[in-house]
Amino acid sequence: MIVEGREIERNSEIRADAVIVGSGCSGAVLARELAEAGFEVVVLEEGGHYTLADYGKFRPSEAARFLYRNYATVPTLSLGDTPVIYILAGRCVGGSSLVNGGVCFRTPEYVIEDWRTRGGLTEITHEEMDRAFSRVEETLEVAPVPESMQSEGVRRLATTAARIGWSGAPIKRNVVDCDGCCRCLFGCPHDAKRPVTMNYLAKAQAAGARIYSDCRADRILVRRGRAAGVEASVLDRTTGRRRRRLAIRAPVVVLAGGSLHTPLLLARAGVGRRSGAVGRNLTLHPGGRVYGLFDEKIEGWRGSFQSYAIDQFGREGIKMISIYPPIGVIASGLPGFGRENRDAMENIDRIAAFGVMISDVSTGSVRRTPWGEPLVAYRLLPQDKAKLVRGLRLLAELYFEAGARKVYLPFDEIPVLSSRDELEKIRPEAVDARRMESSSQHPLGTCRMGKDPRSSVVGPAGEAHDLPGLYVVDGSIVPTSVNVNPQITIMGLATRIAWKMAERGRTAVVGAAT
């Protein structure tokens, strides 16, 4: 059952076994797994409930308004030699799963091993995570992108990478019968992508879970030293103003609001003071796009939005991945204004697109503004800047090796290269990162998991060190940057946490609070 905010006509109080804040990738996993284990589950979602009949007709500007937070522009406060990185975050039933590219990478084994050895999380085993990943992939209908859904530009770069000995493979995505419209970021208009609304949340509802949209969690309720529920505001979807109050009394509180908003709720409840880790340790996977101009027609818009990845430099923390953004976004990434930009865009059918992202050791922070929104600050360390510049240079080299005539870069100082000889221009000291185009869809780590309460927020089972009955299951618990799109990582960790709760059983988990 989905209850929209407009249907709530008076201040209300609801009782449940578990209340889950957030209906995206991780919240949907907990809703399904706990409901099927016999828990009475309530899910709160700040955003609205939209179906194919809605988002299938949205213009990009409407999708940014209704499906994203802050019109798809959550900026970072860039410290030092750091680009302004805009963070995309979904705000609707289904969360970012409704508006992401559907990319499904498992967490690299070396990353999990790092959590186990350097991070001390020996409870997280490779075997257990493999089972969790398989559960998620089966539910989401994950499969490799067929070669027929690769554009000519992607095929050229993939073939060239293989010829020079770079490892790569088709991307796996939670998409069935994609027709290549490349509108993934606006809500798939054909329901080819499989967001959690179509599987996890549907299964949760079938098992009795109730989902409340347009309900913003404001405060964690505490009773006798334990989490006891959530107090929420029922919002007017048009104005964003509070219409009613809604209190959920539940002995189990699960936070799944994402790395930008979960720490705000925890900080308000006083959770994590001992470690000082709430809202800290933010990683972003900073990245940039590179475009290549060929003599022949490429028609990069044909095929899947994202279809191929090169992982040759994964151990260095560099990932290359194909992406064909909306043409308006490409225009903003090409050099010049007015006639110069128009001339570049006249060759759009001969332009290929690929991106680079890095696994960052740099960190940032999230704090609450006076008006209640997150203030995100981030400093790109010199070693990460060098890593990102190296990745972009390697990609430029690949373009020229594949026959590109020009390469367009995200640097103000070096916007375009016309020959391989100019690659020497791409050096960290030649680039002012503050003037570089960059974005992120992968904020992680602001309530990180760990065994030591002095340096982490939640333990290996996802329960807060400082407040029994409170669990965190979203990307904020991921201990380190993971060097791949984190959808499967987040859902795998959430699955593992849900299994631990289900293994204890409803009576044990709920009864612990009584």
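Here are a few things to note about the model shown:
- FRET efficiency for Thr117 and Ala386, using Cβ-Cβ distance with R0 set to 22 Å, rounded to 0.05: 0.30
- Relative packing of peptides 142-153, 499-510, 475-486 - highest average C-beta neighbours within 10 Å first: 475-486, 142-153, 499-510
- Pairs exceeding 26 Å between alpha-carbon atoms, taken from Lys172/Lys319; Lys297/Lys406; Lys203/Lys500; Lys193/Lys406; Lys451/Lys500; Lys57/Lys193: Lys193/Lys406.
- Taking all Cα pairs closer than 8 Å and separated by 6 or more residues, the relative contact order of segment 362-495 comes to 14 percent.
- Sequence of Trp301, Trp115 once ranked by neighbouring C-beta atoms within 10 Å, starting from the fewest: Trp301, Trp115
- Here is how the number arises for the chain: DSSP H runs of 4 or more residues each give -39500 (n - 2.57), the sum is divided by the residue count, and the result at 222 nm is -7500 deg cm²/dmol.
- Scaled radius of gyration (Cα, divided by 2.2 N^0.38 Å) that segment 158-222 gives: 1.80
- For a label point 7 Å along the Cα-to-beta-carbon line of Arg219, residues of segment 248-278 with backbone N under 11 Å: 269
- Modelled this way, with points 7 Å down the Cα-to-C-beta line, the labels at Asp81 and Ser167 are 3.1 nm from one another.
- Relative to its Kirkwood radius, the Cα radius of gyration of segment 369-467 gives an Rg/Rh of 1.18.
- By the count of neighbouring beta-carbon atoms within 10 Å, fewest first, Lys425, Lys172, Lys385, Lys57 end up ordered Lys57, Lys425, Lys172, Lys385.
- For the chain, the percent of C-alpha pairs falling in each 10 Å distance bin, counted from 0 to the bin holding the largest distance, reads 4, 20, 31, 26, 14, 5, 1, 0.
- Tilt relative to the chain, helix 487-504 - C-alpha long axis, 0 to 90 degrees, to 10: 20 degrees
- Three principal axis lengths of segment 1-69 [C-alpha, angstrom, descending]: 40, 30, 20
- With the largest listed first and rounded to whole Å, the semi-axes of the equivalent ellipsoid of segment 223-285 from the Cα gyration tensor are 24, 19, 9.
- Förster-model FRET efficiency, 25 Å R0, Asp177 and Ala206, C-beta, rounded to 0.05: 0.55
- Considering only Cα atoms, the convex hull volume of segment 162-272 works out to 209 Å³ per residue.
- The chain: angle of helix 152-163 to the longest principal axis, Cα-based, in degrees nearest 10: 80 degrees
- Estimated translational diffusion coefficient (Stokes-Einstein, Kirkwood radius over Cα pairs, 25 °C, 0.890 mPa s) of segment 420-514: 152 µm² per second.
- Pair Ala502, Glu346: separation of 7 Å Cα→Cβ label points (nm): 6.0 nm
- The mean sequence distance of close C-alpha pairs (under 8 Å, at least 6 residues apart), as a share of the length of segment 426-469, puts its relative contact order at 20 percent.
- Extension gain for the segment Val361 to Thr239, taken as residue separation times 0.36 nm less the Cα-Cα distance, is 40.0 nm to one decimal.
- Here segment 1-147 yields Rg over Rh of 1.02, to two decimals, using C-alpha coordinates and the Kirkwood radius.
- Between Leu52 and Phe337, the contour length at 0.36 nm per residue exceeds the alpha carbon distance by 98.9 nm.
- Compactness of segment 346-386, expressed as Rg and Dmax over alpha-carbon positions, Å: 17.2, 48
- Pairs of Cα atoms nearer than 8 Å and 6+ residues apart set the relative contact order; for the chain it is 24 percent.
- 0 to 90° range, to nearest 10: angle between helix 382-401 axis and the chain longest Cα axis: 50 degrees
Each reported figure results from applying straightforward, stated rules to the coordinates on display, with no laboratory input. Note that this is a predicted model, so its numbers are computed, not measured. With ideal geometry, Cβ positions are generated from the backbone for all residues, glycine too; neighbour counts draw on all protein chains shown.
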